[in-house]
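The values are calculated or read from the model by the stated rules, or taken from the named source; none is laboratory data. Bear in mind that the values here come from a model prediction, so they are computed numbers and not experimental data. Cβ placement follows ideal geometry from the backbone for every residue including glycine, while neighbour counts extend to all protein chains displayed. Ligands, DNA and RNA are stripped out before the accessible areas are found, and what is left, the full protein with its side chains, is counted by its heavy atoms. Shrake-Rupley method; radii C 1.70, N 1.55, O 1.52, S 1.80 Å.
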Amino acid sequence: MSRDSFLRTVPHALADLVLPLRCAGCAERATALCTGCERDFGALRRVRPELLPEEPPVYALGRYRGNARRAVLAYKEFGRRDLAKPLGSRLARAARSVIDEHPERLSAGPVHLVPVPSRPSAARARGGPHLSPLVRFARRGLGGETATVSDCLRMRRGVRDSVGLDTARRIRNLSGGVVLRSARVPEVGEPVVLVDDVLTTGATVASCSAALRAAGRGVAAALVLVAARR
């Protein structure tokens, strides 16, 4: 049984006594994410799948391939929550760069980092919303005066897994599937940055942006760990 499979069934502290810590990307010993693999999340660039309009701008830290892909999957699907800190720290640096690039949009007050929601069944299987810990570490890296976490979106039941769906079917699948948690929505005019793990067609980011826009909340930018396309 692999370390990742083992972590699904036992507490992490116990697993670390049985299996040595290894980098989630390249399997180097004694580190959750080695320096080399961490650099795979350091080339911040603007991306735009055909589905997405020019605005809001979308930024990715890396490409969904190789060691970066393995690290994201280890965190998302195989319980490697020890990756929340290094990945969250990278998100904080990236968010700072985006804030500095768009002061007219993002300097009006604390930036609301809004994690993209998972399907309810997927969140249960993963032990909770997997993006929330990453976003909390990112907020700590930015500082409380610069950013806050607003977990204000959720997926309706009935939204299916998008793996294997083409762009048109992803859009239909998510149509009306993202709704607001009214008690957690940022005030009108406060800057919002969506945060996701993997960008493929852009359907999820588009659906989340539409849900916020319908409530009068604009999205200043979106930030993702990795993009599956150039």
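When each of S107, S118 is tested for being at pLDDT below 90 and in contact with a Lys or Arg (Cβ under 9 Å, 6 or more places away or on another chain), the lone residue that passes is S118.
Is it true that A74 is buried (at least 22 other Cβ atoms within 10 Å of the Cβ) and part of a loop (DSSP other than H, G, I, E, B)? No. When G62, G36, G25 are screened for being more than 14 Å from L83 (Cα to Cα), at pLDDT 80 or above and not in a strand (DSSP E or B), only G36 passes. I need the full set of residues from the range 125-148 which are farther than 16 Å from L87 by Cα and open to solvent by 10 Å² or more (accessible area, probe 1.4 Å), in order please. Hits for the range 125-148 are A125, R126, G127, G128, G143, G144, E145, T146, T148. So which residues in the range 108-124 are in contact (Cβ under 8 Å) with a residue 40 or more places away in the chain and open to solvent by 80 Å² or more (accessible area, probe 1.4 Å), if there are any at all? Result: A108, single match. Could you tell me which of the residues V226, V219, V163, V195 is on the phi < 0 side of the Ramachandran plot, open to solvent by 20 Å² or more (accessible area, probe 1.4 Å) and at pLDDT 90 or above? That would be V219, the only listed residue that is on the phi < 0 side of the Ramachandran plot, open to solvent by 20 Å² or more (accessible area, probe 1.4 Å) and at pLDDT 90 or above. When we screen R140, R181 for residues that are at pLDDT 80 or above, of a type in the set (K, R), under 17 Å from the mean Cα position of the chain (by Cα) and more than 23 Å from A228 (Cα to Cα), the only hit is R140.
For the range 32-51, the set of residues classified as buried (at least 16 other Cβ atoms within 10 Å of the Cβ), more than 19 Å from T201 (Cα to Cα) and not small (G, A, S) consists of L33, C34, C37, E38, D40, F41, listed by residue number.
Within the range 1-22, count every residue that is farther than 30 Å from S97 by Cα and at pLDDT 75 or above.
1
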